[in-house]
Every structure is written in C-alpha cells, then in structure tokens.
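Engineer: One structure coming up, written as structure tokens, with questions to follow.
The values are calculated or read from the model by the stated rules, or taken from the named source; none is laboratory data. None of these values were measured; they are calculated from a predicted model. Glycine gets a Cβ as well: all are built from the backbone with ideal geometry, and neighbour counts include every protein chain shown. The protein model used for the area step is the full one, side chains on, heavy atoms only, and it has no ligands, DNA or RNA in it. Shrake-Rupley method; radii C 1.70, N 1.55, O 1.52, S 1.80 Å.
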Amino acid sequence: MASTSSSTMSSHPVVFTTQTPYALPSQKFMIPLDWKRYQLSQLINKALDLPKPIPFDFLVHGEILRTSLLEWRAENGIGEEDTLEIEYFESVMPPQRMSELPHEDWVSSVSCQIPQHFVTASYDGHLRLFDYSRNPLLDISVHQAPITSVCVLPSPLAETDSRILASSSHDLTACLTRISLGSEGPSASTVASLHLHTSPLSSISTDASGSHLLTSSWDGLIGVWDTSIPNDHQVHLDRGDDRKKRRKTAPENIKRKTPIAVLKSHTARVSKALFAAGEHAKGKAYSCGFDSTVRSWDVESGVCINTINVPERPMLNLAETPDGNILLGASTDRTVSIFDLRVSSLSSSTGIMMHSATPSCIATSESGKQQVVTGAYDGVARLWDLRSTKGAVTSFRVWDGMKVLAVDWVRDVVGIGGEGGMEVWRIDGGS
C-alpha cells in the first residue's frame, strides 16, 4: 500500500482507475483527507513520471470531486475503512473564445461539419459559408422565411469539393442546396425542395450515410426523405398559382420532392427528429415534441415502437451520443433530460441537467467522449460531463441579454449561434 506524506491530517484508502492511456499499476494509496483535485492530479503525474504535466479530474461515486476528500466523505456518509475507487480523466481546459462571425439577423443553426468551414442558417432565409479565417465565401438566399435548421450531408472522401446542405424553414419547405468549393471558387445552387408539411418546419437531420433525411414540423408530422435529386417534379403547383408567383417561388430547376414515408404519432408540434446512432441502430429514429414525449421509431415500417412520457416537459431539442447509448432532451422546464438507452423498457428519464434558463440546443462530442455542450436562453453555454451531471463542468457566457439558439461541436471547435450572430469557441482536453 502506497502512502503519501502528511504529518497532521489522517488519510483514506483509495484505488485509482482510468479509461485513459495513463493507467497506474493496480495498488492502494493512502490519501490525506485534506487533498483536493490539484494534489490528486500532482500525485498521478508524479507516479506516472509524465514528461509533460497533464491535469486530471476525479470521479468518486459518479460525482466529480470539487471539494477535499474529507468534505466529500462527510457529505456522502462514507466510513473511514471503506476503500474509495476514484476514476481519473483528463481535465477539460477552460473554453476560449476564438472569433465571431457577425450577422444582421438571428442565427438559428450552425454546422462545423465541413472541414475548415462554418455553415450558418439565419432568420433572413439565407445560408452562409465561412472559412476558419472568417472570410465569407457564400451567401445564399434559400428560403422566404426564417430557416430553423441546417445540416451537411456526409459525402465520400472523393467528393470533398461538392457538398449538399439540407435546410428547413418556416416557409413550410425544406431545401437541398449544392455547394462547390473547387479551384474555380465557391458556388452554390438550390437543387430540390421538399414538400409535405402544412406548418413551419422545426428541424432537419441526416443519417450517417447522407442518403436519407428526417424533417419535423409544428403540424405534428415527421417526414422521411431520400436525398436523390429527381429528374422531374414530384409535386405539382396548384393551378391557382399565378405565373409570376410561380416563377418567384418555384424555379423549374429546383425539383419538388415528396417524402418516402410519413411518421405520425405525436399529438403536438414536433421539435426534433433524428436518426439513431451506433452500430445496431440502422432503420431507427427518435423524436421529441411539445406533447412532452420522446418517441422511438422503426423508420422502415413507419411505426412508433416506444414512447417515453416526461410530464409537463415540452421538449425543444434532442441529441444522441455517438455510441448510441444516451439520448438527451432539452425542455421548457429548464432541464435537459437524460435517457439511458441501455435500460430495457425505458419509460422515463434516468437523470437531468439543471439550467438557470431554458436550454435550447445540445451538442455531443463526436469523438465519443463523455462531454456535452448545451446552450440556453440566458446567453450561456455549458459544458457537462455525463458521468457527473449534478452541475456543469464549466460555463461560458457567449452574449449578454441574447439567447443561444444553436451549437455544434467538431473536434476542439464549438460553433455557437443565436441572437448575437455566431461565435467560435475552443474546448481542449477531456475524455
């Protein structure tokens, strides 16, 4: 049993574990009770003899250690002889503001999915493309009403110069816009419009292959679409439309598409629909709405296969961890509900993350880490660790008096959109 020097303070037996590459030999340590995170991190670094210091955080009984061991033991009623198992992981460095991308109108959705570029969707009906140097590359008028969501369709590595953006809008349509980033300079053209909904659309999302899309709407419906561009229109304009209006709203080169399926079960507006993640999730989807439910779908059959009721929590947004284990739902009661999908016959949330204002958006870490970023109406973004959700790991104010409406997270880059335009932040570390 290894011991650490402490002349006046008693100690407690501890066994350290980790999922990082920095594993200690299996042994028991006697840790002084007045030690906090900093001293424990120094101990790990010294024991491993790391060439460059790495800051670590510590998880005790599912809670990040924020006090001394003595205070934690007293709060949790742990006896003196009970060996504590403490998991350590790399600390997340305080987020850094990197840049801002001003917009004249609210930014409702952002995407960092195109390498070295940002895509924004705005209430003025425009999609915009910026590079990492903040240069505006494209400004495309796509919709005649506020855009609510945008996603980038995944594409084969051989087609990195051409991408498809899918957007949803209050104008009752979704659109597919092809952008080119070739050597001749960036260009864009809207190639298809998606027609189903009779009320504003709230979201659009793609599957992992980029072959299918889901739209959600205030009309309570979810549309399932393929992403092929038809040769002919699949929807005909009403005969009552005058020719001038027809030319303005539906150019012949923008092909009008119909859905391949419609998912019906929600009893109020649907806020978000997304395809399930993970290896065994093919053909499955999730949705949430103002009927205070989270629903699971078999997309191929169009059947709702499970409904989770969260009474008096109208849902605003939904996200899933890349491993497909956890679903997160933001609601108007200032919480983000946690749903552990590994629990059989899941019928309610398995945890919550409390916010001081309504959370509007959620982004999970694409690398499979345990961290999640949420944005809220108080202008604050919060970084959480799913292993300890009693409080946020850190929070950072994006704007004063303006709402955060969108967030996306790729590698160490976090794009945040809202009433103040778009800001780019950097988050390093974590595991």
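Engineer: Residues to consider are 142, 150; find the one that is crowded, with 23+ Cβ neighbours inside 10 Å and either in contact with a Gly (Cβ under 8 Å, 6 or more places away or on another chain) or modelled with pLDDT under 95 (or both).
Structural biologist: Exactly one of 142, 150 is crowded, with 23+ Cβ neighbours inside 10 Å and either in contact with a Gly (Cβ under 8 Å, 6 or more places away or on another chain) or modelled with pLDDT under 95 (or both), namely 142.
Engineer: To continue, here is another question. Hey, among 177, 83, 160, which residue is open to solvent by less than 30 Å² (accessible area, probe 1.4 Å), of a type in the set (Val, Ile, Thr) and over 20 Å from the mean Cα position of the chain (by Cα)?
Structural biologist: The unique qualifying residue is 177.
Engineer: Inside the stretch 114-131, can you point out the residues that are at pLDDT 95 or above and open to solvent by 70 Å² or more (accessible area, probe 1.4 Å)?
Structural biologist: Across the stretch 114-131, the qualifying residue is only 123.
Engineer: Look through 104, 75 and report the one residue that is surrounded by fewer than 16 Cβ atoms within 10 Å (Cβ to Cβ) and more than 30 Å from residue 18 (Cβ to Cβ).
Structural biologist: 104
Engineer: I want to confirm something. Restricting to the stretch 192-215 and keeping residues that are in contact (Cβ under 8 Å) with a residue 24 or more places away in the chain and farther than 19 Å from residue 146 by Cα, which single residue is most open to solvent (accessible area, probe 1.4 Å)?
Structural biologist: First pass over the stretch 192-215, keeping only residues in contact (Cβ under 8 Å) with a residue 24 or more places away in the chain: 192-210, 212-215.
Remaining after also requiring farther than 19 Å from residue 146 by Cα: 206-210, 212-213.
Details: 206: 34, 207: 26, 208: 98, 209: 77, 210: 9, 212: 62, 213: 0 Å².
The qualifying residue most open to solvent (accessible area, probe 1.4 Å) is 208.
Engineer: Condition first: open to solvent by 10 Å² or more (accessible area, probe 1.4 Å), without any contact (Cβ under 8 Å) to a residue 40 or more places away in the chain and part of a strand (DSSP E or B). Now tell me which residues in the stretch 327-343 satisfy that.
Structural biologist: Once the filter is applied, which keeps residues that are open to solvent by 10 Å² or more (accessible area, probe 1.4 Å), without any contact (Cβ under 8 Å) to a residue 40 or more places away in the chain and part of a strand (DSSP E or B), the stretch 327-343 yields only 340.
Engineer: Looking at the stretch 274-321, which of its residues are part of a loop (DSSP other than H, G, I, E, B), polar (S, T, N, Q) and open to solvent by 40 Å² or more (accessible area, probe 1.4 Å)?
Structural biologist: 301
Engineer: Of all residues in the stretch 228-256 being in contact with a Leu (Cβ under 8 Å, 6 or more places away or on another chain) and open to solvent by 40 Å² or more (accessible area, probe 1.4 Å), which is modelled with the highest pLDDT?
Structural biologist: 229
Engineer: Then there's this: Which residue, of 183, 199, 205, is in contact with a Cys (Cβ under 9 Å, 6 or more places away or on another chain) and either closer than 22 Å to residue 295 by Cβ or assigned to a loop (DSSP other than H, G, I, E, B) (or both)?
Structural biologist: Exactly one residue qualifies, and that residue is 205.
Engineer: Please tell me if residue 225 is in the same structural domain as residue 173 (by TED's automatic domain parsing) and open to solvent by 50 Å² or more (accessible area, probe 1.4 Å).
Structural biologist: No; evaluated as a whole, the condition is false for this residue.
Engineer: Pull out all pairs, ordered by first then second residue, where Cβ-Cβ is under 7 Å, the residues are six or more apart or on different chains, the first lies in the stretch 87-105 and is within 13 Å of residue 426 (Cβ to Cβ), and the second is buried (at least 18 other Cβ atoms within 10 Å of the Cβ) and of a type in the set (S, T, N, Q).
Structural biologist: Partner pairs satisfying both residue conditions: 92/371.
Engineer: Still on this structure, please answer the following. So residue 369 clears everything in (1) modelled with pLDDT of 95 or more; (2) out of contact with any Phe, Trp or Tyr (no Cβ under 8 Å at 6 or more places or on another chain); (3) basic (Lys, Arg) except one condition, right? Which one?
Structural biologist: That leaves (1) as the condition not met.
Engineer: Check off (1) buried (at least 19 other Cβ atoms within 10 Å of the Cβ); (2) not basic (Lys, Arg); (3) not in a strand (DSSP E or B) for residue 347 and give me the number that stays unchecked.
Structural biologist: (1)
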